[in-house]
């Protein structure tokens, strides 16, 4: 599943640093150097490295099979030995009981307990098979972006560390409100956007998702735009796009322990409940979106805080390509993934220009309030 077949789930990164000279030779050497190696017997609990995208057992990368056109496509494998907490608890209680039998004292000291836990953990680790995980990686050398096939923070952290160690390049999350991702005039005005006012001035929110929670504001605005003209959303330079929200909608206000959330599910995802939640100060945190670009149809869940894509379904028909043209099929899937991402970025750019314009409060907000029935 992923780059080769099925739906795609991925986080987006930007490569901060310039590529070193003679990069083709350098990358081939480094990918082979940091290829996955099996865990050895003993107390090792984790092993990670690169594998081939098409053959997860291939760590030789013959003929640079990870290189296709302008892209590098390979897999990140992470094997971990995990001791179930319940098993650890039972084994510890058994060992503690045995250690206390025949002794006059009824309790072990703190040091004895720690030593016993370490010994049991080591014994269990030596007996447990590692659990493998695989994540697709796609790297556009010309455009400087990388996709990583997971939304897990722990898996992403391991991937980022290995990428830095392997290529001596730093990855940063790629979000469309990043100053490097928008033109200079918008970037300068974006810095001044601090109050977080969207529809409810009395409840400003400061942003863990950009200043101030722009991803959520965007999704809330996009829901409104998708209904304003019956699903047609006009984007400068791209014309009309078909946008509809379906099946799942998550809204939230506040953050941390003070957050309040509501999830609407169903064919038309609780439209009344969702709109009522917006009137209470909530914004759309994530949504299942159907997107039409010309004759091509995409469907995905978009995370507002991080702009991560979950279960992106590509247009039908490309899976029927001949098996002999696997490289061509992979390139087409990457192209379509890029198209979906770029289109969403275009939608966000249109939102941002509107959000930072004088017409926002005078024209857009009144229309949104009318849409909400306020």
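The values are calculated or read from the model by the stated rules, or taken from the named source; none is laboratory data. Since the structure is predicted, the reported quantities are computational estimates derived from the model, not experimental observations. Methodologically, a virtual Cβ is constructed for each residue, glycine included, from the backbone with ideal geometry; neighbour enumeration extends over all protein chains shown.
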Report whether or not residue 35 is touching a strand residue (DSSP E or B) at 6+ places or on another chain (Cβ under 6 Å), closer than 30 Å to residue 340 by Cα and assigned by TED's automatic domain parsing to the domain that holds residue 141. no
Residue match in region 194-210 (condition: modelled with pLDDT of 85 or more, farther than 24 Å from residue 363 by Cα, touching a helix residue (DSSP H, G or I) at 6+ places or on another chain (Cβ under 7 Å) and crowded, with 22+ Cβ neighbours inside 10 Å): no
Taking residue 259, is it in contact with a strand residue (DSSP E or B) (Cβ under 6 Å, 6 or more places away or on another chain) and modelled with pLDDT of 85 or more? no
Residues to consider are 91, 113, 117, 105; find the one that is buried (at least 17 other Cβ atoms within 10 Å of the Cβ), over 30 Å from residue 310 (Cβ atoms) and not assigned by TED's automatic domain parsing to the domain that holds residue 161. 91
In region 46-72, the residues that are part of a strand (DSSP E or B) and closer than 16 Å to residue 136 by Cα: 48, 49, 50, 51, 67, 68, 71, 72
Residue that is surrounded by the fewest Cβ atoms within 10 Å (Cβ to Cβ) [pool: residues in region 1-36 that are assigned to a loop (DSSP other than H, G, I, E, B) and more than 26 Å from the chain's Cα centre (by Cα)]: 21
Please find, among 150, 75, the residue that is in contact with a strand residue (DSSP E or B) (Cβ under 9 Å, 6 or more places away or on another chain) and part of a strand (DSSP E or B). 75
Residue satisfying condition, being surrounded by fewer than 17 Cβ atoms within 10 Å (Cβ to Cβ), in contact with a helix residue (DSSP H, G or I) (Cβ under 7 Å, 6 or more places away or on another chain) and at pLDDT 65 or above, within set 238, 232: 238
Kindly evaluate residue 151 against the criterion of being touching a helix residue (DSSP H, G or I) at 6+ places or on another chain (Cβ under 8 Å), modelled with pLDDT of 95 or more and either within 23 Å of residue 216 (Cβ to Cβ) or in the same structural domain as residue 25 (by TED's automatic domain parsing) (or both). no
